[in-house]
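Just below is one structure, and these are the notes that go with it.
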Amino acid sequence: MTADVPIRDAATVIVVRDAGGPSPAVLMGQRGHAAAFMPSKFVFPGGAIDPQDAHVPLAGLPPAACQAQIARASSLGAAAVATAAIREVWEETGLILGQRGEWAAPNDDWTEFAATGHAPDASALRFVFRAVTPPGRPRRFDARFFLCDAGALSGNIDDFSRASDELSHLQWVPVAEARAFDLPFITEVVLSEIAARLPDLSAPEAVPFFNNDDEERLFQRLHG
């Protein structure tokens, strides 16, 4: 049996393309078959929040209501969580969620992002879901899921040439076809929530919270 491990704070982004069109799609990629966490699964870009994320200047923050909901879900504050979301999109897909602008002395995680001439901008992010990884997994995360319109991305949204090798087969997956992919359970749950709300990309008044603790699974809704 796998010994339980500490729960790390994390951020994930569901980027939606053509939300109001006949075939809306979400940005996904496949984790490596040798990955310790969710091997070979198709996932949204996301990952753990780094301590340095709290010190990165943002050109914009999510709406106040989202910030209030994030505050209930994390002691780190909305800026750190949103910054981690932007960084993960950049690292795993090579796409930029930011505004044109320069900023001084970016830390190592942000050097290449800053070199594109953009400052990270979280104003398009909407906090829509929270989930805790069940006990017994090799890694556990307390993940905050953000929704984002692909129109907020800068540059060519089909160009993944600057992505790291953490995710392969990066692509825009039609929402109607996504369940045919090998998805983690929680990704299926989040997709169902998003699909039921499209074309609405606003933040919900009550954010769904799928809480896996040591004794039971609880599905709650967080209010701002």
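The values are calculated or read from the model by the stated rules, or taken from the named source; none is laboratory data. Keep in mind that what you see is a predicted model, and the values were worked out from it rather than measured. Counting neighbours? That spans all protein chains shown, and the Cβs are built from the backbone with ideal geometry, glycine included.
Remarks
- Total residues in region 182-197, condition surrounded by fewer than 19 Cβ atoms within 10 Å (Cβ to Cβ) and either modelled with pLDDT of 95 or more or in contact with a helix residue (DSSP H, G or I) (Cβ under 6 Å, 6 or more places away or on another chain) (or both): 1
- Some residue of region 135-153 being assigned to a loop (DSSP other than H, G, I, E, B) and modelled with pLDDT of 95 or more: yes
- Among (1) over 15 Å from residue 127 (Cβ atoms); (2) assigned to a helix (DSSP H, G or I); (3) modelled with pLDDT under 90 - the single one residue 37 does not satisfy: (2)
- Taking residues in region 115-132 that are at positive phi, and partners anywhere that are in a strand (DSSP E or B), the pairs with Cβ atoms closer than 8 Å and at least 6 places apart or on different chains are 117/100.
- One residue stands out in region 1-30 among those that are in contact with a strand residue (DSSP E or B) (Cβ under 6 Å, 6 or more places away or on another chain) and of a type in the set (S, T, N, Q): the one that is farthest from residue 47 (Cα to Cα), namely 23.
- Any hit, region 164-179, residues being hydroxyl-bearing (Ser, Thr, Tyr), part of a loop (DSSP other than H, G, I, E, B), over 18 Å from residue 26 (Cα atoms) and touching a residue at least 24 places away in the same chain (Cβ under 8 Å): yes
- Reported count of residues in region 74-108, each being part of a helix (DSSP H, G or I) and of a type outside the set (Lys, Arg), is 16.
- Taken over region 95-131, the criterion of being surrounded by fewer than 19 Cβ atoms within 10 Å (Cβ to Cβ) and either within 14 Å of the chain's Cα centre (by Cα) or at pLDDT 95 or above (or both) is satisfied by 123 alone.
- Filter pass, residue 93 being of a type in the set (Val, Ile, Thr), out of contact with any helix residue (DSSP H, G or I) (no Cβ under 9 Å at 6 or more places or on another chain) and over 23 Å from residue 4 (Cβ atoms): yes
- Flag for residue 71 being closer than 25 Å to residue 209 by Cα and either free of Cβ contacts under 8 Å to residues at least 12 places away in the same chain or touching a His at 6+ places or on another chain (Cβ under 8 Å) (or both): yes
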